[in-house]
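One structure below.
The values are calculated or read from the model by the stated rules, or taken from the named source; none is laboratory data. Keep in mind it's a predicted model, so treat the numbers as computed, not measured. Note that each Cβ is placed from the backbone with ideal geometry, even for glycine, and that neighbours are counted across all protein chains shown.
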Amino acid sequence: MKALFLVFHGFESHNGISKKIFYQVNGMKLCGVNTVLSYLLIDKKGVHKRMADDTTVENYGKGILAKIKKRIFYNSLLQYILNNNIQLVYVRHDLNANPFLVYFFKTLKNNNIKVILEIPTYPYDHEYLHAKWKDLLQNKIDRLFRRRLAKNIFRIVTFTDLPKIWGVPTIRISNGIDFNKVRIKQNDNNSKEELNLIGVADIHAWHGFDRVIRGLADYYKGNNPVKVYFHIIGGGINQLVNELKHLTSENKLDKYVIFHGPQSGDNLNKLFDIANFGIASLARHRSKISNIKTLKNREYAARGIPFIYSEIDSDFENMPYILKAPANEDAINIQEIIDFYAKLKISAQEIRNSISHLSWEKQMQKVIDSISSSNT
């Protein structure tokens, strides 16, 4: 089978979504699917391009007109797909349903090319809490055209338990991990006098890092023997990052809450080496989501560290290294984390081994099998 994995953006080395896409493409290749990655690129001269691996599919030029073209011009990509006998187009939904994308999908369907749409988070309308006007407008357009788009989709890949979305049958998978690319933590560093929390994210409201900072503020009101540090890694929405920094300063926690900014490669590995405990999403309720299988939970487990989250993730609910937080606005009880970690008797390797079934190869095989079964 020949497939094209289609995304509507470019990549950044420190970005978790970028890493996930590369892992997924590699997973499809390991499943025996000849897969090409199509993405958007802005070169050193500021020229916008649609790429298929290293091949330029279309040159959109520069400036505002180029930004518009790359969102509505799909004919060159269509010709590439037809000329290369591609049978499957796997699309990462960018909340960008519009008339041009509808027509593109419809044409693919009319040429017997299956379209699978991955919706990374569903429902997603409530994720626009701090959105700029352009994103709000895109969401409104998406609402108008998403069901029309769905009529041309073969299956929707979801990380929920929903059997259908927009009337389309789903393929239910988990977010996976590429164990060859995610290094297990190297140090035990189990000091009884210090605990290092780590939160890695492209920071949004649903991560709930403010709950941890407020928890630290409560914790440090007493005279506590264990020094607890919170390492925040990543960028995200500037307004939210600034609010977290203000909350930190306001509570005189600058010594204990460290903002490292975006990190990748060896720098990220070193931060995980000093980490004892992971902070995953603590406020998915803010975006009206209760069940989700996030990338971050899997990365923490692959790194070999225990962690806390507040949503329902069926892959981790009964794991001994998981601490569940209530899905509310309460400050996180830091002493509870300290006590939980002190009693935990499980190695980093055992944590990592517990998710061996969550490799991207095994998860993407579910997608391929669903296509094969529909053809029999």
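For the reader, a short list of remarks on this structure follows.
- Count - residues of segment 188-209 that are farther than 27 Å from SER347 by Cβ and free of Cβ contacts under 8 Å to residues at least 60 places away in the same chain: 1
- The criterion of at least 1 residues that are of a type in the set (Val, Ile, Thr) and surrounded by fewer than 20 Cβ atoms within 10 Å (Cβ to Cβ) is met, among helices (runs of 4 or more DSSP H) falling completely within segment 66-160, by 99-110, 133-150.
- The lone exception for PHE340 - which of (1) assigned to a helix (DSSP H, G or I); (2) surrounded by fewer than 17 Cβ atoms within 10 Å (Cβ to Cβ); (3) out of contact with any Leu (no Cβ under 8 Å at 6 or more places or on another chain) it fails: (3)
- The set of residues in segment 194-206 being over 15 Å from the mean Cα position of the chain (by Cα), crowded, with 17+ Cβ neighbours inside 10 Å and of a type outside the set (Val, Ile, Thr) consists of LEU195, ASN196, LEU197.
- Residue tally, condition within 13 Å of SER281 (Cβ to Cβ) and of a type in the set (A, V, I, L, M), over segment 312-321: 1
- Test result for ASP330, at pLDDT 95 or above, in contact with a helix residue (DSSP H, G or I) (Cβ under 8 Å, 6 or more places away or on another chain), surrounded by fewer than 21 Cβ atoms within 10 Å (Cβ to Cβ) and on the phi < 0 side of the Ramachandran plot: yes
- Some residue of segment 181-193 being of a type in the set (Lys, Arg), under 27 Å from ARG352 (Cα atoms) and more than 20 Å from the chain's Cα centre (by Cα): yes
- Residues within segment 255-270 that are free of Cβ contacts under 8 Å to residues at least 60 places away in the same chain, within 13 Å of HIS231 (Cβ to Cβ) and not aliphatic (A, V, I, L, M), tallied: 7
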